[in-house]
1. Suppose every Lys and Arg Cβ carries +1 and every Asp and Glu Cβ carries -1, with no other charges. What dipole size does the range 49-114 come out with about its Cα centre, to the nearest 20 debye?
2. Counting DSSP beta bridges with both partners in the chain, what percentage is antiparallel, nearest 5?
3. For the chain, what is the charge dipole size about the Cα centre, in debye to the nearest 20, if Lys and Arg each add +1 at the Cβ and Asp and Glu each add -1 at the Cβ?
4. Suppose each label sits 7 Å from its Cα in the direction of the beta carbon; what would the residue 62-residue 162 distance come out to in nanometres?
5. Once you keep just the Cα pairs under 8 angstrom separated by 6 or more residues, what percentage relative contact order results for the chain?
6. Tally Lys/Arg at +1 and Asp/Glu at -1 over every other residue whose Cβ is under 10 Å from the Cβ of residue 206; what's the total?
7. May I ask you to sort 220, 89, 187 by Cβ crowding, counting other Cβ atoms within 10 Å and putting the fewest first?
8. Treat each spin label as a single point 7 Å out from the Cα along the C-beta direction, and report the residue 82 to residue 128 distance in nm.
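Bear in mind these aren't lab numbers, they're just calculated from the coordinates by the rules spelled out. Note that the coordinates shown come from a computational prediction; the quantities given were computed from them, not determined experimentally. Every residue, glycine among them, receives a Cβ derived from its backbone with ideal geometry; neighbour counts consider all protein chains shown.
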Amino acid sequence: MLANRVKILADSKTLLMANKARALRADGVKVYDFTIGEPDYPTPDNIKQYAKKAIDNNITKYSSNEGSINLRKAIKDYIKHEFNLDYDLSEIIVSTGAKQSIFNAVLSIIDPGDEVIIPAPYYVSYPEIVSLAQGKQVIINTSEKNGYKIKPEDLEKAITSKTKLFILNNPCNPTGAAYTKSELMGLAEVLRNKNIFILSDEIYYKLVYDGLEFASFASLGEDIKKRTIIINGVSKTYSMTGWRIGFGAAEREIIQAMNKIQSHSTSGACSVSQEAAFEAYVGDQNEAIKMVKEFQNRRDYLYESMLAIRGITCQKALGAFYLFPDISYFFKYSYKGKPISNSDDFAEFLLDYAHVAVVPGGASGYDNCIRLSYATSIENIKSGAEKIFDALKYLSEK
Ligand code: PMP
């Protein structure tokens, strides 16, 4: 009965684990949750107050499809300030979350059969959105040895005459991997003089650690900028996931196409949320800066805890709020008579035995790992890491 496009979509493993964790919690069990994909801080107060004022001032009607002029001006200035890039207002679209901008962009560019290059591990929605556009995913595998980053030669090899789009997520969900400017330059060199668009999902750009200097892909040259769609938004930087505001910035022709698609789906994003996002971009930045410092402390703690576990290897990722430890050493064991043979089995074991919820890497195209989010309290990280330690000791010694 249902359309084929639904049948080809994968079920969300993240949601599956979250549901199981919720069921345990409902039974009164304390769950150590490492699945969270959003900052655990409240939205900063100045932003909330600004939104309340917007409601009182009746900014509660339809916004223009492409986003309010005020917000787009703020985004234009923000992009200039943060990345030293110039965009016209007509080259910016505000969407209902960064995800909608990604969706608009892929649908604007991809015809059936066009190839889209996606490095794995990837954000779970990329391949599914490409499938909805009837594009063909071309996955480039990375490894822990390379810090889960692709090299120019990997990109070169994946390109064919049908390649239309390259999707890069920097910093990356689920690995936390973040590229240096010179690494990005290497990739840009491969794309130079080729007719390939780049979707650069930079939603985690502010969450980088150990002094890494983030570089936007569009800043790698005028020719590259012309073919790059920057995706960004307020969700992660300002702890505003529920407000649903993201944006895309690109050449006018692409933004016009994205606007066309958006105008026949959601239309303009929520007007109150747009006011809140305006304040996020132009207002006080202290809370956002404090959050990054705290994330770095938590990452350090979680990283050290993972290193202390025999059988686990882990990269000290420089971005986002995820670590992506390799747990494949444990695939030789079994639990309750069932072999642990992939990241799903491993995640189920952790939840059942230790009440620790994690996201299996298989959902991101990398089955040797699990994703641990440190967007959770340091107390949860400390107790949860101890639980993981004990659970894996039990598995190895039983
Ligand atoms: N891109 C990546 C890599 C993400 O992790 C997320 C959120 N999980 C999004 C885009 C979507 O962001 P938003 O909530 O603003 O739609």
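1. The dipole of the range 49-114 has a size of about 480 debye.
2. Working: 17 of 37 bridges.
DSSP beta bridges in the chain are roughly 45 percent antiparallel.
3. Numbers: 48 positive and 48 negative charges, 120 e Å.
Computed charge dipole of the chain: roughly 580 debye.
4. Label at residue 62, label at residue 162, 4.0 nm between them.
5. Rounded, it is 24 percent for the chain.
6. On the way: positive: 236; negative: 82, 202.
Net local charge, residue 206 excluded: -1.
7. On the way: 220 21, 89 14, 187 25.
Starting with the residue having the fewest Cβ neighbours, the order is 89, 220, 187.
8. 2.5
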